[in-house]
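Beneath this line is the structure, given in structure tokens, with notes to follow.
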């Protein structure tokens, strides 16, 4: 049936036609005992239409300074990425290093240097070991099944690689969308760098691609409690190389809806993966706010509940102190009238129109004892809703972050 | 010498003349093994001029709903307080309970019920055990040396009681200012309830008292990383009973400056106590932002650095990853140009005008190995500055908050 999404088991950024990737170990930084790949390349067989969303922290990494004007041209063909060092707060030296990474990658791949985008994540305020990185880039042999290696190369404190791919067929043409993400560090919107790279072999009109990425970003990665507007290196990119053939897809194209749904599906799965794999996390927390007066209110309230340390630790301890949810909603900036607000954990209503219900504490606590806890708030003020994802806050989070550099 | 501040060793809210206090154990909630006083009364021998600052969370506790119009009259004579239950999100029943607490206290003390203010802190969303509380209130015998018991009765996860008092003499008249605070739960601005109660025997004109409390609050309690505008029960009150005699103090009175300095000194010491005693904290973090373009920028940047979990865990691990400070400044909303920004830990400059310095990592880490870590940021953009206080984030924080209700 046209428009149905078909997930590709084990798929990722090289599932769409024409994309190749690879990664090697440069030794930028050791994580734990054994060497892990830390420099990766993703390349398309032909130049792509590209859209991007970048951190709007006032302090950004050198790669973002480099990428912004390149993405503004609407054309890119490759991404060179590293973990272990974010090349951020590194002054003019850092800007030159980022440009050099793109040059070396371009020379190695035989493409234009200004068609290469750069992404770096890791420690802030230290210069990149460029000798190691240059040698590493030049040794990568991108392959059609190499997406997983690229995914591994961008991981920092992530415990699992995150990648998905999906296919959708419209009027006999099959389009594939792949994606990968890295994140972790979920306690707060300034915590950790998020990368989300999406690829598709659909041909896309630039304006449509940009709008689609913006909308999808707001429904997915931007609703994880690490947020695009805060870390210094956050980067979301969508590359469309057109290898599937056919006319460029814009809002009037029959494939626009199904392709947008495919992109959104991949991005939301990646968002959930990011939340689930938050540093030290044991529980995925999904927060849906309904009945908001405005969509912005719903978004603010959902995100504030998800990022509240008191809500997170409530889930950690399976301790149904659900007043914390209302307290977080109250400080979110959303319009709230507590006597209209209700709160559910799973199927259990803990607060109804501002007052505690008779549902026993033990029953609500038990409903929290799952790998995914769903908190639902009805503000009772309107028809707008939004969903955000987060994770519980555990002692492991502290252990990870108190000993990060060394 | 006129205007010099003289600290009173072990002083507190009953150090100023005419204030008495006491507390008893009502059994609202057990903390740990042994019974702890959980209901307290503070009363003045005569009606006081009063100023107050309350949470501006959209969800507030019943006591705040009760107190706001009472404080607006400018007159109060007593505070009845409890820990163990915040009487918040308790519906109309909760409002009646708060009013009843004031009535019972007033009857017991022989004063007007609408001159009694109420403060409750603890679990949210459960009704108060009013039978226990009423009996407890009626059994309290306030005494001139009972301030410490009141202080203990408002503690929740606080590990030490917080109280200070200071005297200042102007033109032969000695004024005493006392104060107590409870806080803890320092990880984020929505964490825990802050109470700060200040008393003085100075006679104060209402308008001057209100402005002084507002200004002092913004320099002290509001600069701890638990902030007055976010928990549902945050309350700061200043009661002036005039027992020291003399004319009412307003902005033109010769004692206005010295008295304001005394109130500020007590409030800042309480703010530092709150930060130092953050849940699980081992280190007081003092953040000064200088060179800001505006005072609001300085405040925002200092507070954002103080509340950043990445900065907190950096201090926990004595791990001098000071790029995290610049990242937090960057997301604070303050005007920042990274190439003008410098960062110090103690005496060591780690970033100078946006680039890392040569000061060895080990030396900077060592400078963090103290009970109080001072982070200083110079934005290089103007002449405004502000100071905020916070604490490190430890595994004990998680332990405390994941197991709070039960």
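Read-outs: derived from the displayed coordinates by stated rules, not from any lab. Note that the coordinates shown come from a computational prediction; the quantities given were computed from them, not determined experimentally. Glycine also receives a Cβ, built like all others from the backbone with ideal geometry; neighbour counts cover every protein chain displayed.
Listed values, structure above:
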read-out: Rounded to 10°, Cα long-axis angle of helix B:62-72 versus longest principal axis of chain B; value: 80 degrees
read-out: Rounded to 10°, Cα long-axis angle of helix B:206-219 versus longest principal axis of chain B; value: 40 degrees
read-out: Two-site FRET efficiency, residue B:107 against residue B:369, from Cβ-Cβ distance with R₀ of 41 Å, rounded to 0.05; value: 0.15
read-out: Most mobile listed residue (A:240, A:76, A:135) in chain A, GNM with C-alpha springs under 10 Å; value: A:135
read-out: Pairwise centroid distance, computed over Cα atoms, of segment B:310-359 with segment A:51-126, Å; value: 22 Å
read-out: Taking A:39, A:71 and counting other C-beta atoms within 10 Å, the order from fewest to most; value: A:71, A:39
read-out: Calculated FRET value between residue B:68 and residue B:339, using beta carbons and R₀ = 51 Å, to 0.05; value: 0.60
read-out: Residues residue A:219 and residue B:45, FRET efficiency given R0 of 60 Å [Cβ-Cβ distance, rounded to 0.05]; value: 0.45
read-out: Degrees, to the nearest 10: A:256-276 long Cα axis against longest axis of chain A; value: 70 degrees
read-out: Averaged over B:346-352, number of beta-carbon atoms from partner chains that fall within 10 Å; value: 1
read-out: Chain A: most fluctuating residue of A:37, A:70, A:276 per GNM, C-alpha cutoff 10 Å; value: A:70
read-out: Inter-chain Cβ neighbour average for residues A:333-339, partner chain, 10 Å; value: 3
read-out: Residue among A:193, A:357, A:288 with the largest mean-square fluctuation in a Gaussian network model of chain A, springs linking Cα atoms under 10 Å; value: A:357
read-out: MRE, 222 nm, helices only [DSSP H, n ≥ 4, -39500 (n - 2.57), over chain B, to nearest 500]; value: -9500 deg cm²/dmol
read-out: Relative exposure of A:8, A:124, A:268, judged by other C-beta atoms within 10 Å (fewest first); value: A:8, A:268, A:124
read-out: Between segment B:235-292 and segment A:191-218, the Cα center-to-center distance that results, in Å; value: 51 Å
read-out: Convex hull volume per residue for the protein assembly as shown, taking Cα atoms only, in Å³; value: 155 Å³
read-out: Likely footprinting exposure, A:163, A:115, B:295, fewest C-beta neighbours within 10 Å first; value: B:295, A:115, A:163
read-out: Inter-site label distance for residue B:7 and residue A:206 at 7 Å from Cα along Cβ, in nm; value: 6.5 nm
read-out: Shielding by other protein chains, B:304-317, mean Cβ within 10 Å; value: 5
